[in-house]
Every structure is written in C-alpha cells, then in structure tokens.
1. Given the conditions (1) surrounded by 12 or more Cβ atoms within 10 Å (Cβ to Cβ); (2) touching a Ser or Thr at 6+ places or on another chain (Cβ under 9 Å); (3) not acidic (Asp, Glu), which single one is not true for Pro50?
2. Which is over 16 Å from Ala4 (Cα atoms) and over 10 Å from the mean Cα position of the chain (by Cα), of Lys26, Lys35?
3. Go through region 30-42 and give me each residue that's within 26 Å of Lys57 (Cβ to Cβ) and either in a loop (DSSP other than H, G, I, E, B) or in contact with a helix residue (DSSP H, G or I) (Cβ under 8 Å, 6 or more places away or on another chain) (or both).
4. What number of residues within region 14-29 are of a type outside the set (Ser, Thr, Tyr), in a loop (DSSP other than H, G, I, E, B) and away from the ligand (no atom under 16 Å from the Cβ)?
5. Could you go through region 19-37 and let me know if any residue there is exposed (fewer than 13 other Cβ atoms within 10 Å of the Cβ), touching an Asp or Glu at 6+ places or on another chain (Cβ under 7 Å) and on the phi > 0 side of the Ramachandran plot.
6. Kindly list, by first and then second residue, each pair from a residue in region 38-51 that is without any contact (Cβ under 8 Å) to a residue 60 or more places away in the chain and charged (D, E, K, R) to a residue that is near the ligand (Cβ under 6 Å from one of its atoms) and part of a loop (DSSP other than H, G, I, E, B), limited to pairs with Cβ atoms under 7 Å and residues at least 6 apart or on different chains.
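Read-outs throughout are calculated quantities, based only on the coordinates presented, and are distinct from any laboratory measurement. Predicted model only: the values in this text are computed from it and were never measured. Here the Cβ positions follow ideal geometry from the backbone for every residue, glycine too, while neighbour counts run over all protein chains shown.
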Amino acid sequence: MSEAKLVVKEKGPILVSGDFTLCDDKGNNIDTQGKATIALCACGLTENGPFCDGKHKQAQ
Ligand code: FES
C-alpha cells in the first residue's frame, strides 16, 4: 500500500487515497474496502456522511 494522500478540492470534497483507516467519532472503523479513493464531505450538506454525495454543487 502507499502513503495516504489527501486532496482538498475547492468548494468540494476531500479526496483520500492510499493506505488509510477511516473511523467515526467513537473510533469505529468505517468500511472503505474496495475503494481506491474516497470523497469525504467538507461542506456539511451530504445525506451520506461522511462521504460526499454531490450536494456541495447546490451551494455553489
Ligand atoms: S463536499 Fe460534496 S456533498 Fe459536501
């Protein structure tokens, strides 16, 4: 696996790829297996948290 890479998209999500573990605020792992890259919501509008569902486009 490769080092984790985070890309902050302007007015959009944070793209995460590489070797990482995603946890909720209680420390429980969130399943991301099978996904080479995930998009974390950075706008707070998603209905599929913590993942981006494209709703940030409505705020632009
Ligand atoms: S960043 Fe895409 S829905 Fe929030």
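1. With (1) surrounded by 12 or more Cβ atoms within 10 Å (Cβ to Cβ); (2) touching a Ser or Thr at 6+ places or on another chain (Cβ under 9 Å); (3) not acidic (Asp, Glu) applied to Pro50, the lone miss is (2).
2. On inspection, the qualifying residue turns out to be Lys26.
3. Correct list: Ile30, Asp31, Thr32, Gly34, Lys35, Ala36, Cys41, Ala42.
4. Going through region 14-29 one residue at a time, the tally reaches 7.
5. no
6. Cβ pairs passing all conditions: Glu47/Asp53.
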